[in-house]
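J.: Before I ask anything, here is the structure I am working with.
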Amino acid sequence: MKISLIAAVADNGVIGKDNDLVWSLPDDMSFFKASTRGRYVIMGRRNYESIPHKYRPLPGRPNIVLSRNADYDASPADLVTSLEEAIEIARKAGETECFIIGGGQVYKMALDAGVIDTMFISHVHGEPEGDAFFPEFDPSEWTMNVIDDHPSDERHAFSFTICQYDRK
Ligand SMILES: NC(=O)c1ccc[n+]([C@@H]2O[C@H](COP(=O)([O-])OP(=O)(O)OC[C@H]3O[C@@H](n4cnc5c(N)ncnc54)[C@H](OP(=O)(O)O)[C@@H]3O)[C@@H](O)[C@H]2O)c1
């Protein structure tokens, strides 16, 4: 099973603020939805709670929520207390590509664990204020290809570049 990560990251590393996103980028959201549709998605408890009630669990894809609190009620999403457990659930279900979908703590945990094969990062060209960050990574360990360059327009306050990073 391939393990992928998908994130939108500002030029200053910011991914969120006050447990919310700091931008509305509908075309990037469409890329996220298309990429993860039907796939297992693995996320931190704070990310899960940041999704409005009516949109969670994210529809059309099995949701797995990570918490250190085994009593946390994530239903109808699956709850796990370790990343390994999350990956094992997806693997046992016959998934071919699962996605780590954040937030900052979970991205860092997955990168530190060395389990990520591919990262899809939308580099958002701005420096908004925030309190959640994407971890630093060494670009020399990855082969990068640009998937799309999206200008700013009336629906997108920031331009962004979607890049695919495959581990060398
Ligand atoms: N721009 C993007 O692409 C993007 C994507 C996703 C999220 N976000 C943003 O990111 C922010 C949330 O990120 P965050 O870093 O605050 O939180 P997070 O990574 O979503 O969740 C953190 C929680 O995950 C659980 N956890 C962390 N490490 C664990 C471990 N080793 N074992 C078991 N459980 C573990 C803990 O839950 P318990 O406290 O319950 O134990 C922890 O509080 C929000 O602002 C959100 O909007 C941005």
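J.: For T36, T81, T96, what's the fewest-to-most ordering of other Cβ within 10 Å of each Cβ?
T.: T96, T81, T36
J.: Based only on other Cβ atoms within 10 Å, what is the fewest-to-most ordering of H150, H53?
T.: Numbers: H150 19, H53 6.
Ranked by crowding around the Cβ, least crowded first: H53, H150.
J.: Separate question: List the extent of the Cα atoms of the range 28-156 along each of their three principal axes, largest first, rounded to whole Å.
T.: On the principal axes, the range 28-156 reaches 42, 35, 29 Å in Cα extent.
J.: Along the charge dipole of the range 48-122, Cβ charges K/R +1 and D/E -1, which of M109, P52, I89 sits furthest on the positive end?
T.: Looking along the dipole axis, the top candidate is P52.
J.: For a protection proxy built on the mean count of beta-carbon atoms within 10 angstrom, sort 1-9, 60-68 highest first, please.
T.: Put in order of decreasing packing, that is 1-9, 60-68.
J.: Let me ask something else about it. What's the percent breakdown of Cα-Cα distances in the range 105-148 across 10 Å bins, shortest bin first?
T.: Result returned by the calculation: 20, 52, 28.
J.: With a 10 Å Cβ neighbour count serving as the proxy for reagent exposure, in which order, fewest first, do Y72, Y40 appear?
T.: Ascending Cβ contact count within 10 Å gives the list Y72, Y40.
No lab work stands behind these numbers, since they all come straight from the coordinates. These numbers come from a predicted model, not from an experiment. Ideal geometry is used to build each Cβ from the backbone, glycine not excepted, and the neighbour counts take in all protein chains shown.
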